[in-house]
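To start, the structure under review is shown below, and the notes come after it.
Since every read-out is calculated from the coordinates, none of them should be taken as a lab result. As the structure is a prediction and not an experimental result, all values here were calculated from the model. Glycine gets a Cβ as well: all are built from the backbone with ideal geometry, and neighbour counts include every protein chain shown.
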DNA sequence: GCCGTTTTCGGCCCGACTGTTTTCAGTCG
């Protein structure tokens, strides 16, 4: 199988790590990291570029040298430089670089003084009191290293976005109570609405002498204070979540918000642009020489370098700055653009509420239609519907629709895609429905080829409308299935069917970059709640957040269509000879 | 190692916090 961009990126990161341990030129190291970042986010595979005869040095941050290394990696799975570097260090030593508090200098020192070459060895050395014998290390460092090594061995964890909401609410309340505090904003990846967050970055606007830092450090949910200064503090909450807080004055609010919202790559690019215009951007403002020319609002910071304000969800240095320059930023979808929801369950399968209760909840959520898509028969743990029970539900929906006002229930099913790609109910039964949502719930560990073929085959069935939660990942439970998503997107385009962005907090599936690929390919996305009770409809907002990260506009999303136009789009997928 | 209405050479984002090196290097975000 061909080598993927993410694998090339990982090799460049490894080269960068090993070069750092060799104390190589820091800018050379950075060049590898820049290229790795570009590769990891690039929508087209370099293997395809190679097949098309395209030059790798067309990639930003990739010159002749790195282009040659990409070609070498594609050809033989590695490159001479990586092989040489690996040979000169013990395997696994780069793990040490990913332990909090350790950088290349300290790892170098620990390796040469104590022969430490793994996190486990580091932990024992710290517990035996040997770290403090190394010049530059003391008892405090040793204690911190022991803790960080233990944490690393337990594996650093990222939090699903929705799971940090209780902590966010508590922190906002805590900090708003401080006299003089005028703004409290959670910035960082939380504000960019990434599907997971590693920590919380909180920006507080307050006078220089405010008690905000002390308030956070003394907050009753704080387990440990990592750092405490006059304008910054870092703490770990009792639930393990790290919180970094910065205090700025109102005049710097905009520049601080840009800076702490990130991403790192985005802000670095902004500063490079500023530098080229003889300006300097930092968290306190935008400066020409010693004169401060902007910084009170985010818009003023972007305007100072000739750009419109870029929505936080796009700030990943994935082309949004170039798009802003060309005045070609997308007009991102909003929750209010959704007219309905195309994936919901009732108590007929594993939902908790009746048809009528779900209809009322959907109307209360401002929706005009709700597709009822209970599970199919093979998902026995969810009391999946067979043909007879589905028929009963179809009749019940028809009767209920006659009585309902301001909301229409659509007749659907979340039909299992069987391991061989067949659907779990006969075509004649599915043909009675308004839409068919197909989903994989079993045999999740097939090979990439088999899993992809299974889904392509299912899409070819005459009544297939929407592929539900395409990657099948569940945070904390299982990773995404091995899939050729580019092929699935192309096939959906050819077949005229749709991909779901499942809004459940533990799914958020399609991923952001895949949404963008689908959009670029002209495949519409259904943003669906997968609600199992009425209150779950609130998850649609999370799906919209992720869709915005995928650059989706209202026109890219199937369920922004009003009912009549939606019916037409769906009907095209439901006719036996479609595609 | 990359890159150029600053430059084909000489730059490369910027500031806060920590521990320990009594003046700053290392790390982090």
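Here are the numbers for the structure shown:
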| read-out | value |
| --- | --- |
| Sequence ranges A:381-392, A:522-533, A:189-200, ranked by mean other-Cβ count within 10 angstrom, highest first | A:522-533, A:189-200, A:381-392 |
| 37 °C / 0.692 mPa s Stokes-Einstein diffusion coefficient of chain A, Kirkwood radius on C-alpha pairs, µm²/s | 124 |
| For region A:1-71 versus region A:505-578, the gap between their alpha-carbon centres in whole angstrom | 33 |
| Percentage relative contact order, region A:170-231, counting C-alpha pairs under 8 Å, at least six apart | 32 |
| Pairwise centroid distance, computed over Cα atoms, of region A:207-274 with region A:324-347, Å | 31 |
| Sequence-separation-based contact order of chain A, relative, with Cα cut under 8 Å and 6+ spacing, percent | 9 |
| Where only alpha carbons of region A:329-371 are counted, the Rg and the Dmax (Å) | 12.8, 44 |
| Residue-averaged [θ]222 nm for chain A, counting only DSSP H segments that reach four residues, each worth -39500 (n - 2.57) | -12500 deg cm²/dmol |
| Crossing angle, helix A:563-574 versus chain A [Cα axis fit, 0-90 degrees, rounded to tens] | 80 |
| Ordering of A:259-272, A:477-490 by packing [mean C-beta count within 10 Å, highest first] | A:259-272, A:477-490 |
| Length-normalised contact order for region A:5-154 - Cα pairs under 8 Å, 6+ apart - percent | 21 |
| Along each principal axis, Cα extent of region A:384-434, largest first, Å | 42, 19, 18 |
| For region A:1-75: rounded, prolate or oblate by the Cα gyration tensor [a/c cutoff 1.5] | prolate |
| Radius of gyration, Dmax [region A:108-216; alpha carbons; angstrom] | 19.3, 52 |
| At R0 = 60 Å, FRET efficiency that the Cβ-Cβ distance of residue A:331 and residue A:24 yields, to 0.05 | 0.85 |
| Fewest-first sequence of A:186, A:248 by Cβ atoms within 10 Å of each Cβ | A:186, A:248 |
| Proxy reagent accessibility, fewest Cβ within 10 Å first, across A:403, A:147 | A:403, A:147 |
| Interatomic Cα distance distribution for region A:5-154, bins of 10 angstrom, percent | 11, 37, 26, 17, 8, 1 |
| Ratio of Rg to Rh over region A:252-325 (Cα coordinates, Kirkwood Rh, two decimals) | 0.92 |
| Region A:159-248: C-alpha pair distances exceeding 16 Å, % | 47 |
| Cα-based convex hull, region A:335-574, per residue volume (Å³, whole number) | 105 |
| Relative frequency of Cα-Cα separations exceeding 19 Å in region A:209-346, percent | 62 |
| Distance from region A:468-497 to region A:363-415 (C-alpha centre basis), Å | 24 |
